[in-house]
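What follows is a set of notes on a single structure, which appears directly below.
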Amino acid sequence: MGRELTEQELHNLAMNIVGRELEADGFEFMAINSKLKKNPQYVCLKEKLLHFIVVRNVEFPLDPREYDMELMQTVKDHALKFEAKTFYAGVGLSNAEDRGLPLYLDEEYIVDYQGLIEI
């Protein structure tokens, strides 16, 4: 068994999953911030509109669609100054062999990501 993924590695994994989808959807990346607790993670442009996107990895069995309302309101207030839309992207990550176990380096995992939630 490999070593357990760190919080930063889980965060980066969630960001990669969301980032690939944003790219596929035609978003243009203006800024990317992968430091933990720095929000938003992505500032993107699509159809001349600015988008602030907060990404969170959510551990099983928590619901990846549920978010911290206070945090998201803070980000939204900031986004409004830039006439930007605010979105939350929760990515549920769990061990493919046993959802109760942590994620390990180079082992399979399950992704529960259902897209952007507009705030």
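Anything in the stretch 75-119 that is outside any strand (DSSP E or B) and in contact with a Ser or Thr (Cβ under 7 Å, 6 or more places away or on another chain)? List them, or say none.
75, 76, 79, 119
In the stretch 85-103, which residue that is surrounded by fewer than 21 Cβ atoms within 10 Å (Cβ to Cβ) and of a type in the set (A, V, I, L, M, F, W, C) is nearest to residue 4 (Cα to Cα)? This residue is 101.
For the stretch 17-27: of the residues being surrounded by 12 or more Cβ atoms within 10 Å (Cβ to Cβ) and free of Cβ contacts under 8 Å to residues at least 24 places away in the same chain, which is farthest from the chain's Cα centre (by Cα)?
Taking the stretch 17-27 first, the residues surrounded by 12 or more Cβ atoms within 10 Å (Cβ to Cβ) are 17-19, 21-23, 27.
Now restrict to residues that are free of Cβ contacts under 8 Å to residues at least 24 places away in the same chain: 19, 23.
Details: 19: 8, 23: 14 Å.
Among residues in the stretch 17-27 that are surrounded by 12 or more Cβ atoms within 10 Å (Cβ to Cβ) and free of Cβ contacts under 8 Å to residues at least 24 places away in the same chain, the one farthest from the chain's Cα centre (by Cα) is 23.
State all residues of the stretch 56-67 that are closer than 21 Å to residue 32 by Cβ and out of contact with any helix residue (DSSP H, G or I) (no Cβ under 6 Å at 6 or more places or on another chain); if no residue qualifies, say none. 56, 58, 64, 67, listed by residue number. Residue-level check: of (1) surrounded by fewer than 14 Cβ atoms within 10 Å (Cβ to Cβ); (2) modelled with pLDDT of 95 or more, residue 106 misses just (2).
Does the stretch 3-20 include one or more residues that are among the basic types (Lys, Arg), more than 27 Å from residue 83 (Cβ to Cβ), at pLDDT below 95 and not in a helix (DSSP H, G or I)? Working first, answer last.
Taking the stretch 3-20 as the starting set, the residues that turn out to be among the basic types (Lys, Arg) are 3, 20.
If we keep only those that are more than 27 Å from residue 83 (Cβ to Cβ) too, we end up with 3.
Add one more test, that the residue is at pLDDT below 95, and what stays is 3.
The next check asks that each one be not in a helix (DSSP H, G or I); those that pass are 3.
For the stretch 3-20, residues among the basic types (Lys, Arg), more than 27 Å from residue 83 (Cβ to Cβ), at pLDDT below 95 and not in a helix (DSSP H, G or I): present.
Do we have any residue at all in the stretch 66-79 that's of a type in the set (Lys, Arg) and more than 12 Å from the chain's Cα centre (by Cα)? If you could, list the steps in order and put the result at the bottom.
To start, the set of residues in the stretch 66-79 that are of a type in the set (Lys, Arg) comprises 76.
From the residues that got through so far, the ones that are more than 12 Å from the chain's Cα centre (by Cα) too are 76.
Within the stretch 66-79, one or more residues are of a type in the set (Lys, Arg) and more than 12 Å from the chain's Cα centre (by Cα).
One residue stands out among those in the stretch 34-64 that are within 11 Å of the chain's Cα centre (by Cα) and part of a strand (DSSP E or B): the one that is surrounded by the fewest Cβ atoms within 10 Å (Cβ to Cβ), which is 58.
The values are calculated or read from the model by the stated rules, or taken from the named source; none is laboratory data. Since we're looking at a predicted model, the values are computed, not measured. As a convention, Cβ positions derive from the backbone with ideal geometry for all residues, glycine included, and neighbour counts pool all protein chains shown.
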